[in-house]
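Chemist: Would you mind keeping the following structure in view while I ask a few things?
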Amino acid sequence: KNEVEQSPQNLTAQEGEFITINCSYSVGISALHWLQQHPGGGIVSLFMLSSGKKKHGRLIATINIQEKHSSLHITASHPRDSAVYICAVFTSGTYKYIFGTGTRLKVLA
Amino acid sequence: DVKVTQSSRYLVKRTGEKVFLECVQDMDHENMFWYRQDPGLGLRLIYFSYDVKMKEKGDIPEGYSVSREKKERFSLILESASTNQTSMYLCASNRPGGAGGYTFGSGTRLTVV
């Protein structure tokens, strides 16, 4: 079993829909990172959080440390949101991240 | 704007060739990382470096080596490329403790034929 699990693996939505991507982890962490990867490969950071909730534009990320679970929400989705969304946990006391395998999102116009 | 720059976006190499993938960062970060990304497997750590001339094996170091002669530059070397090394390679950097998260390069898609 992977230490970081994401669901769903693939998601197709209609423009305007509310989208939720989930991340569960089984290790002790000091932070959790949501990343976005567009076709072509480059990865950009969306959020880094260790508690509570963060919001940036139409994106909201939440984390529940006790339940070892995080969600990424996209409100009013748009075709330009189509990308792979990756959850990564920064494990306690190490230099390294553990990555989920990603959620491939496609938003249709 | 801070940057991690990978020298090539796309590379095609022949089996048995020695391949160099270069990564340069301008953020004065101590830590640098090389990952490969394959469908269904996510990002897997090949090697990382926490200082000049220092290196540590990641999860899948076999068939690879690295070089860090200067703080800003971290090179990944495929000593004798094989077809199973066809992949997307991503470089990243951060500060010790990772408080600022990772900054990733734009990736190099390597095809070995």
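Residue-wise test of (1) facing another protein chain (nearest Cβ under 10 Å); (2) closer than 30 Å to B:S8 by Cβ; (3) polar (S, T, N, Q).
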{"position": "A:E5", "(1), (2), (3)": "no, no, no"}
{"position": "A:Q14", "(1), (2), (3)": "no, no, yes"}
{"position": "A:S26", "(1), (2), (3)": "no, no, yes"}
{"position": "A:I43", "(1), (2), (3)": "yes, yes, no"}
{"position": "A:R58", "(1), (2), (3)": "no, no, no"}
{"position": "A:A61", "(1), (2), (3)": "no, no, no"}
{"position": "A:S70", "(1), (2), (3)": "no, no, yes"}
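Chemist: I would also like to ask the following. Name the residues in segment B:25-63 that are touching a residue at least 12 places away in the same chain (Cβ under 8 Å) and hydrophobic (A, V, I, L, M, F, W, C), would you?
Modeler: Step one: filter segment B:25-63 for residues touching a residue at least 12 places away in the same chain (Cβ under 8 Å), giving B:25-38, B:43-55, B:58-61, B:63.
B:M27, B:M32, B:F33, B:W34, B:L43, B:L45, B:I46, B:F48, B:V52, B:M54, B:I60, listed by residue number.
Chemist: Taking interchain pairs and intrachain pairs at least six residues apart, which have beta carbon atoms under 6 angstrom, with the first residue in segment A:86-105 and over 9 Å from B:L43 (Cβ atoms) and the second crowded, with 24+ Cβ neighbours inside 10 Å and modelled with pLDDT under 85?
Modeler: Listed by first residue and then by second, the contacts come to A:F90/A:Y97.
Chemist: Still on this model: Please state which of the following conditions A:S30 fails to meet, knowing it meets all the rest: (1) over 19 Å from B:G42 (Cα atoms); (2) in contact with a Ser or Thr (Cβ under 7 Å, 6 or more places away or on another chain); (3) touching a residue at least 60 places away in the same chain (Cβ under 8 Å); (4) more than 10 Å from every other protein chain (Cβ to nearest Cβ).
Modeler: The failed condition is (4).
Chemist: Moving to a separate point now. Looking only at segment A:85-109, which residues are crowded, with 21+ Cβ neighbours inside 10 Å, within 17 Å of A:L46 (Cβ to Cβ) and aliphatic (A, V, I, L, M)?
Modeler: Within segment A:85-109, A:I86, A:A88, A:V89, A:L105 qualify.
Chemist: From the list B:S80, B:S75, B:S106, B:S65, exactly one residue is assigned to a loop (DSSP other than H, G, I, E, B), at pLDDT 95 or above and not hydrophobic (A, V, I, L, M, F, W, C). Which is it?
Modeler: B:S80
Chemist: Within segment B:34-50, can you find the residues that are more than 8 Å from chain A (Cβ to nearest Cβ) and hydrophobic (A, V, I, L, M, F, W, C)?
Modeler: B:W34, B:I46 - these are the residues of segment B:34-50 that are more than 8 Å from chain A (Cβ to nearest Cβ) and hydrophobic (A, V, I, L, M, F, W, C).
Chemist: State which residue is nearest to B:E30 (Cα to Cα) when the search covers only segment B:64-99 and only residues that are among the aromatic types (F, W, Y) and free of Cβ contacts under 8 Å to residues at least 60 places away in the same chain.
Modeler: B:F74
Chemist: Something else now. Which residues, counting only those in segment A:76-109, are farther than 22 Å from B:S93 by Cβ and outside any strand (DSSP E or B)?
Modeler: Across segment A:76-109, the qualifying residues are A:A76, A:S77, A:H78, A:P79, A:R80, A:D81, A:S82, A:T101, A:A109.
Chemist: Out of all the residues in segment B:104-112, is one or more in contact with a Lys or Arg (Cβ under 9 Å, 6 or more places away or on another chain), in contact (Cβ under 8 Å) with a residue 60 or more places away in the chain, within 11 Å of chain A (Cβ to nearest Cβ) and at positive phi?
Modeler: Yes: segment B:104-112 contains one or more residues that are in contact with a Lys or Arg (Cβ under 9 Å, 6 or more places away or on another chain), in contact (Cβ under 8 Å) with a residue 60 or more places away in the chain, within 11 Å of chain A (Cβ to nearest Cβ) and at positive phi.
The values are calculated or read from the model by the stated rules, or taken from the named source; none is laboratory data. Keep in mind that what you see is a predicted model, and the values were worked out from it rather than measured. All Cβ positions, even for glycine, are placed from backbone atoms using ideal geometry, and neighbour counts span all protein chains on display.
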